[in-house]
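Shown next, in structure tokens, is the structure this report addresses.
The values are calculated or read from the model by the stated rules, or taken from the named source; none is laboratory data. These numbers come from a predicted model, not from an experiment. All Cβ positions, glycine included, derive from the backbone under ideal geometry; neighbour counts span all protein chains shown.
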Amino acid sequence: MSVIIYEKKDKIAYITLNRPGTMNAINSEVLKELTKAWMDVRDDPDIWVTIVTGAGDRAFSAGADLKEIAKWQLESEMEGRPLRPGWSEICPMRGLEVWKPFIAAINGVATGGGLELAMACDLRIAADTARLGLMETKQSLMPGWGGTQRLPRLVPFGKALEILMTGDFIDAKEALRIGLVNQVVPTGELLNAATNLANRLCENGPLAVRAVKEAAYRGVRMTLDEGLKLESLMIQNLFQAEDVKEGPRAFAEKRKPVYKGR
């Protein structure tokens, strides 16, 4: 059984973590296949938006596979060497930037690396039964896939510290209130809601959507003046695309634009 189900329908890719018996825990094999899928999305010109979810209705992902970590610890002790997780540094949560939009459909528990994966996506829709948290401190660990960096950028700093330091869960309603998720929907409507949002994004110029994403992510790392210069440069580049002509033309002709992603 594949640990990742990767499907493409029209302009949308669906990535499903497929280890329901372990609450879709992320081991080295999952991370490898997840990274391959992320890179395929990046390189496939026919894919404009991606939805990421978990198999079953119990969990989006329970995070890193602690059984695998315990095995690494034992092997390290037996071999007398420092413990180093066997994960690649280049993965969707760290170092792999793709400017196409990703939507996390959070269908249950999202904790540890599971929540970090959801935060590595751009938009998050949660089922009303979802529970979110970063439990690493309860196992005397700390988030290692961006949790300490992304969470304070998404929610108020004090709330981020509370979630990080206590390791406690919050429910979907609270996640929506603090801005960690964009929508909360009934469990049975989750995938439809994510697909509807993906289709809305696909109606827009794909190069413009990617440019907006890139400008926003790069811009928050810059001063305002640097960000404005970046925006100006990206607008100039965008104006070289065919789709930039199609958008205003379709508006003037009172018809739906037909974007080609070039």
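Can you find a residue in the range 158-167 that is acidic (Asp, Glu), without any contact (Cβ under 8 Å) to a residue 40 or more places away in the chain, in a helix (DSSP H, G or I) and surrounded by fewer than 21 Cβ atoms within 10 Å (Cβ to Cβ)?
Yes: one or more hits.
Could you pull out the residue among GLU203, GLU214, GLU174 that is among the charged types (D, E, K, R) and under 26 Å from GLY56 (Cα atoms)?
Answer to the selection: GLU174.
Can GLU75 be described as modelled with pLDDT under 95 and on the phi < 0 side of the Ramachandran plot?
It is true that GLU75 is modelled with pLDDT under 95 and on the phi < 0 side of the Ramachandran plot.
If you go through the range 199-212 one residue at a time, do you hit one that is loosely packed, with under 14 Cβ neighbours inside 10 Å and within 21 Å of GLU97 (Cβ to Cβ)?
No; the residues of the range 199-212 include none that is loosely packed, with under 14 Cβ neighbours inside 10 Å and within 21 Å of GLU97 (Cβ to Cβ).
Among all residue pairs at least 6 apart or on different chains, which show Cβ distances below 9 Å where the first residue, located in the range 37-52, is farther than 23 Å from ASN196 by Cβ and touching a residue at least 40 places away in the same chain (Cβ under 8 Å) and the second is of a type in the set (A, V, I, L, M, F, W, C) and not in a helix (DSSP H, G or I)?
Taking only residues 6 or more apart or on different chains, the pairs are MET39/LEU96; MET39/VAL98; ARG42/LEU96; ARG42/VAL98; ARG42/TRP99.
Take the residues of the range 117-153 that are farther than 25 Å from ASP57 by Cβ and touching a strand residue (DSSP E or B) at 6+ places or on another chain (Cβ under 9 Å): which is surrounded by the most Cβ atoms within 10 Å (Cβ to Cβ)?
GLY146
Determine which member of the set LEU207, LEU190 is in contact with an Asp or Glu (Cβ under 6 Å, 6 or more places away or on another chain), assigned to a helix (DSSP H, G or I) and closer than 26 Å to ASP44 by Cβ.
LEU207
Within the range 1-52, can you find the residues that are part of a helix (DSSP H, G or I), over 13 Å from the mean Cα position of the chain (by Cα) and either among the hydroxyl-bearing types (Ser, Thr, Tyr) or outside the structural domain of ASN192 (by TED's automatic domain parsing) (or both)?
Answer for the range 1-52, where residues must be part of a helix (DSSP H, G or I), over 13 Å from the mean Cα position of the chain (by Cα) and either among the hydroxyl-bearing types (Ser, Thr, Tyr) or outside the structural domain of ASN192 (by TED's automatic domain parsing) (or both): THR22, SER28.
Sort out which residues of the range 121-135 are outside any loop (DSSP other than H, G, I, E, B) and in contact with a Ser or Thr (Cβ under 9 Å, 6 or more places away or on another chain), and write them in order of number.
If the condition is that a residue be outside any loop (DSSP other than H, G, I, E, B) and in contact with a Ser or Thr (Cβ under 9 Å, 6 or more places away or on another chain), then ALA127, ARG131, LEU132, GLY133 are the ones that fit.
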